[in-house]
Amino acid sequence: MSRRVVASLVVPVLVSAAVSGCAPSDAQVPVPSPTVSSGARPTPSASGEPMHEDSNERTEVREAPGEWGSTARASAVAAADAAMSAWADSHELSEQDWWAALAPTLSVGARSAYEGTDPANVPVRSADKTGRVAATPSVYLARVSYGTNDGEWLVTVSRTVGPAGEEVFAVERLQAATAGVGGERA
């Protein structure tokens, strides 16, 4: 190989290496910001408070309810009592009055599920005035049991934390204790 050919190959390599070495030593290579996937938690703001994924709006962080102490159990029973009382009054009230009594005791989802129920189809005509907590499968749910003219019935009550940090109790479901999947009797 002639010296000219070697020089034409080596010179560009040396110039390239020299130019890249001329950059200031404190130069930073831009690094892309990590993205938040839909399954990830929101990135905290500079203050450490969580933010929504799609905005700079801050979210409130609420703790899960605590254990089922006597106050929480009494509140769950009170919510279930109000619902069961309204449920059992189905034969004594007009459909409109019955729904007006029952709806406020229900969660949003339960209202949607029970709306349009014909009170004439409700088999419960009388029930114990006060239920008893039969089970607490999680910190969020309690099942309250009632003796009725139609046998044992269970009222499932949910517990959440409201906007001011208070516990909120709402009825999710009323069903015969012998009901299987889908609420049908076994």
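The values are calculated or read from the model by the stated rules, or taken from the named source; none is laboratory data. Remember, predicted model here, so these are calculated numbers, not experimental data. Note that we place each Cβ from the backbone using ideal geometry, even for glycine, and neighbour counts take in every protein chain shown.
Under the condition of being among the hydroxyl-bearing types (S, T, Y) and surrounded by fewer than 15 Cβ atoms within 10 Å (Cβ to Cβ), which residue from the stretch 65-75 is farthest from F169 (Cα to Cα)?
So in the stretch 65-75, the residues among the hydroxyl-bearing types (S, T, Y) come out as 70-71, 75.
If we keep only those that are surrounded by fewer than 15 Cβ atoms within 10 Å (Cβ to Cβ) as well, we get 70-71.
Details: S70: 14, T71: 12 Å.
So the residue we want is S70.
In the stretch 160-175, how many are modelled with pLDDT under 95 and part of a strand (DSSP E or B)? So that I can check it myself, show each step before the final result.
Let us first name the residues in the stretch 160-175 that are modelled with pLDDT under 95, namely 160-168.
Remaining after also requiring part of a strand (DSSP E or B): 160-161, 167-168.
Summing the residues that are modelled with pLDDT under 95 and part of a strand (DSSP E or B) in the stretch 160-175 gives 4.
Could you please find all residues in the stretch 76-107 being surrounded by 15 or more Cβ atoms within 10 Å (Cβ to Cβ) and in a loop (DSSP other than H, G, I, E, B)?
Scanning the stretch 76-107 gives L93, S107.
Can you tell me which residues in the stretch 88-106 are touching a residue at least 24 places away in the same chain (Cβ under 8 Å) and in contact with a helix residue (DSSP H, G or I) (Cβ under 9 Å, 6 or more places away or on another chain)? Steps first, please.
Taking the stretch 88-106 and keeping what is touching a residue at least 24 places away in the same chain (Cβ under 8 Å), we get 88, 90-91, 93, 95, 105-106.
Scanning the stretch 88-106 gives S90, H91, L93, E95, T105, L106.
Check A177 against each of (1) buried (at least 18 other Cβ atoms within 10 Å of the Cβ); (2) farther than 21 Å from A101 by Cα; (3) in contact with an Asp or Glu (Cβ under 6 Å, 6 or more places away or on another chain) and name the one condition it does not meet.
(1)
Take the conditions buried (at least 16 other Cβ atoms within 10 Å of the Cβ) and within 19 Å of A177 (Cα to Cα) and apply them to A135. Does it pass? Please lay out each step first, then the result.
Working: buried (at least 16 other Cβ atoms within 10 Å of the Cβ): no; within 19 Å of A177 (Cα to Cα): yes.
So A135 does not fit the description; no.
Which numbered condition in (1) at pLDDT below 95; (2) not in a loop (DSSP other than H, G, I, E, B) is the only one that W153 fails?
Single failed check for W153: (1).
Given the conditions (1) among the aliphatic types (A, V, I, L, M); (2) more than 21 Å from A74 (Cβ to Cβ); (3) free of Cβ contacts under 8 Å to residues at least 40 places away in the same chain, and given that V168 satisfies all but one, which numbered condition is not satisfied?
In the conditions (1) among the aliphatic types (A, V, I, L, M); (2) more than 21 Å from A74 (Cβ to Cβ); (3) free of Cβ contacts under 8 Å to residues at least 40 places away in the same chain, V168 misses (2) alone.
Mind telling me which of the residues Y146, Y140 ends up being in contact (Cβ under 8 Å) with a residue 60 or more places away in the chain, more than 16 Å from A82 (Cβ to Cβ) and not hydrophobic (A, V, I, L, M, F, W, C)?
Y140
All but one of (1) surrounded by fewer than 15 Cβ atoms within 10 Å (Cβ to Cβ); (2) part of a helix (DSSP H, G or I) hold for T130; which doesn't?
Every listed condition holds for T130 apart from (2).
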